[in-house]
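J.: Following this message is one structure expressed as structure tokens.
Where a number appears in this text, it was derived from the coordinates with a stated rule and is not lab data. This one's a predicted model, so the numbers in the text were calculated from it and none came from an experiment. Cβ: placed from backbone, ideal geometry, glycine included. Neighbour counts: every protein chain shown.
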Amino acid sequence: MGWKGKIIGGAIGFFLGGPLGAILGTVVGHAVDTGAELDRLSDMRGDAAGRRERPSGRRLWGMEKQQLTFFVAAFSMLAKLSKADGRVSSEEIDSVEEFIQQDLRLDPERRRMAIEIFRTAVKSPVRFEDFARQFHRQFYRQPQMHELMIDILLRVAVADGILTDGEEKLILSAVEIFGFSQVRYQQLKEKYVNTTDKAYAVLGCNPGDSDAEVKRCYRQRVQEYHPDKIASRGLPPDFTRLAEEKFREIQEAWEKIKAARNIP
């Protein structure tokens with residue numbers, strides 16, 4: 001890395017700090033030195049197709065520290081998750097690309113930056129758990145952010161229809177680092193690996209709970225996951241779609257349970 005890239009990348013990395021700052025500093029420094037396109041994730045498979053552009057990254061660097069931490073942590077942790085079995089398969093790359101394009105719908109500039117963060121983290125010797133610990137330090141008083149991150153990890157991990165033992169081991173390490181409820185983790189997992197009682201899993205309750213308890217869980221979820229409230233806690237703008245989707249899931253789950261139980 002040239003001197004200019006080292007200076008700029010180092011400054012941005014220092015702003016974020018820790019292993020996530022190191023990833024971000026490397027990405028920025030390389031982009032400054034080479035003017036290279038933060039290119040397609042599929043280039044990892046040897047596909048060099050695609051138009052070359054020079055991303056400025058201005059809007060990404062304009063994020064608040066919490067937003068930047070979430071953005072870099074998400075793609076760094078997904079990178080390590082993709083290597084849970086020791087290698088990054090084409091199916092896992094497809095899952096991450098689908099998440100970027102269909103779930104987040106990132107614009108081209110942020111998409112290129114997300115992909116380069118992913119690629120840099122794949123090669124980094126830093127462990128998944130180290131990224132998770134830094135994320136937790138930033139959001140330790142915001143359990144909603146922990147849940148959103150775990151939801152993202154599960155969503156991408158099972159996009160190919162399988163949650164491998166290696167993938168779940170890493171996700172469970174994040175659950176432990178976050179101090180996240182094992183019960184709630186199993187409910188989140190139920191959303192993706194089993195359709196039985198999915199509506200109850202979304203609300204964080206059980207089929208055997210009383211109407212009053214189900215209603216309490218619904219109201220709590222609505223309060224915790226309203227998109228405006230989540231955004232104010234440091235969620236990057238690009239991830240707001242996920243918060244909106246989660247909020248819709250909560251509403252749909254409640255309507256389904258309410259109809260099944262004849263709750264007025």
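J.: How high is the relative contact order of the range 71-153? Use alpha-carbon pairs under 8 Å, at least six apart in sequence, and give a whole percent.
T.: Over the range 71-153, the number comes to 49 percent.
J.: Pairs of Cα atoms under 8 Å, at least six residues apart: use those to get the relative contact order of the range 133-221, whole percent.
T.: Rounded, it is 23 percent for the range 133-221.
J.: On a straight-distance basis, which lysines could pair with K191 in a cross-link, Cα separation under 19 angstrom, same-chain partners fewer than 8 positions away excluded?
T.: K191 reaches K169, K246, K256, K258.
J.: I've got another one for you. What is the gain in length, in nm to one decimal, between V193 and E245 on full extension, counting 0.36 nm per residue of separation less the C-alpha to C-alpha distance?
T.: Additional length available on full extension: 16.9 nm.
J.: Testing the spin-label approximation: label points 7 Å from Cα along Cα→Cβ at D211 and D165. State their distance in nm.
T.: It is 4.6 nm.
J.: A follow-up question, please. Could you rank the peptides 156-167, 73-84, 124-135 by their average count of other C-beta atoms within 10 Å per residue, with the highest value first?
T.: 73-84, 124-135, 156-167
J.: Evaluate E = 1/(1 + (r/R0)^6) for S173 and E91, where r is the Cβ-Cβ distance and R0 equals 22 Å; express this FRET efficiency to the nearest 0.05.
T.: E between S173 and E91, to the nearest 0.05, is 0.45.
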